[in-house]
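See structure below.
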Amino acid sequence: MLYTNTSAMKATLCLVATLVLVTACSDDDEASDDTVNPREGYITGKVVDTQGNPIAGAEVVIDNTMFYNNNIIVQTNANGLYEAALPTVGTYAVSASIQHTLNNKTYTLDLASDVTDVLSNEGGVVNFEWKLTGKKPEDMTGYFGASVSVNGAIGSEIYDPENIIFTLEPVGELIDGSKGKTLTMRTGEPYSAEYGSLVDIPLGRYIMTASYEQDGKTISLKIRNMFDASSVYSTSFQLNFEPETVAGDNMAIIEYLE
C-alpha cells in the first residue's frame, strides 16, 4: 500500500511555487535596472556613450511643441535611463545633451536620437547615443563633430582657400577617451554651405599644418587663432576647440598667411 503524506506534499509544492515566484521577481527587477520599460503617458529611454555604455547625468529635454516655453527637463540615472510623465495636452519633441571636459574646457554635446518624430501625450521610447561625428538630423543643424572656420589674414593672396590642404594630427585622446587618427581635409567649395569651414572633426586636440600649391611649388602656410592677439603664426599650430565662439559652439576660428 502506497502511503502519501498529503501535508508534506502541500508544503513542498508551496515551497517550490514560492521559489519560482521569488526568482521571477528577481529577474524582472534585475532587467529593469538597465532596460527601458515603455509606459503609457510617459516618455522613457536610455542614453549611451560611443562604446554603448550608459551615461549618467545626461540632460533630456521634452519640449511641448503646442505651448511656448513649456519644457520638461530630466536627467538619466546611473544606468543611463530616464522617464518623464506627460501632461494630458500637448505634442512633444525630445532632445538630449551631455557636458564633458577635455583639456580643462567643458563642452556641451548634442546626442543622436533614434526617434525624430514628434510624440503625442501617449508617450513613447526615445533613446540617445553619443556620436563623435555625423550629420545631425533635419530638425537640428550642423554636425556632431567640431568645426574650424578658415579665414585668410590681411595680406594673404590666396583667393581659393578650398585648395588648401589641412592636416590634423591628434594629440592625446579624443573627448570620449578614444584614440584619434590623422585627418587630411579641405574646406567646402565656393557657394556651398561648408565653404570656408572644416567640418565634422572628432573633438580633441590636434597639431594642424597647412599647405598650398603656388606656381608649381608647395608652400607651408602659417596659422594662428584669428581673434587672439597673443596667438603667434606658426607652420605647426596647436588646434584647440572652444566651447563657445562668436560663430558657434565647439569650434575654432583660425587665419592663415603665406
* Asked: Among the residues of region 220-258, which ones are at pLDDT below 95 and of a type in the set (A, V, I, L, M, F, W, C)?
  -> PHE227, ALA229, VAL246, ALA247
* Residues that are more than 15 Å from MET208 (Cα to Cα) and surrounded by 14 or more Cβ atoms within 10 Å (Cβ to Cβ), drawn from region 137-162 -> MET140, GLY142, TYR143, PHE144, GLY145, GLY152, ALA153, SER156, ILE158, PRO161, GLU162
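Give LEU221, LEU257, LEU239 a once-over and let me know the one that is surrounded by 15 or more Cβ atoms within 10 Å (Cβ to Cβ) and either within 25 Å of the chain's Cα centre (by Cα) or on the phi > 0 side of the Ramachandran plot (or both).
Working: LEU221 fails: either within 25 Å of the chain's Cα centre (by Cα) or on the phi > 0 side of the Ramachandran plot (or both); LEU257 fails: either within 25 Å of the chain's Cα centre (by Cα) or on the phi > 0 side of the Ramachandran plot (or both).
Of the residues listed, the single one that is surrounded by 15 or more Cβ atoms within 10 Å (Cβ to Cβ) and either within 25 Å of the chain's Cα centre (by Cα) or on the phi > 0 side of the Ramachandran plot (or both) is LEU239.
Select, from GLU244, GLU173, the only residue that is free of Cβ contacts under 8 Å to residues at least 24 places away in the same chain, under 20 Å from the mean Cα position of the chain (by Cα) and loosely packed, with under 15 Cβ neighbours inside 10 Å. Walk me through it before giving the result.
Numbers: GLU173 fails: free of Cβ contacts under 8 Å to residues at least 24 places away in the same chain.
Selected residue: GLU244, the only one of GLU244, GLU173 that is free of Cβ contacts under 8 Å to residues at least 24 places away in the same chain, under 20 Å from the mean Cα position of the chain (by Cα) and loosely packed, with under 15 Cβ neighbours inside 10 Å.
Among the residues of region 240-258 satisfying the criterion of being of a type in the set (Val, Ile, Thr) and touching a strand residue (DSSP E or B) at 6+ places or on another chain (Cβ under 6 Å), which is nearest to LYS222 (Cα to Cα)?
Here is the first cut: in region 240-258, the ones of a type in the set (Val, Ile, Thr) are 245-246, 253-254.
From what's left, touching a strand residue (DSSP E or B) at 6+ places or on another chain (Cβ under 6 Å): 245, 253-254.
Working: THR245: 22, ILE253: 14, ILE254: 10 Å.
Per the criteria, the residue is ILE254.
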* Structure fact -> By my count, strands (runs of 3 or more DSSP E) wholly in region 147-256 with at least 3 residues that are over 22 Å from TRP130 (Cα atoms) are 165-170, 206-214, 217-220, 222-225, 237-239
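The values are calculated or read from the model by the stated rules, or taken from the named source; none is laboratory data. These numbers come from a predicted model, not from an experiment. Neighbour counts are summed over all protein chains in view; Cβ atoms, including those assigned to glycine, are modelled from backbone coordinates with ideal geometry.
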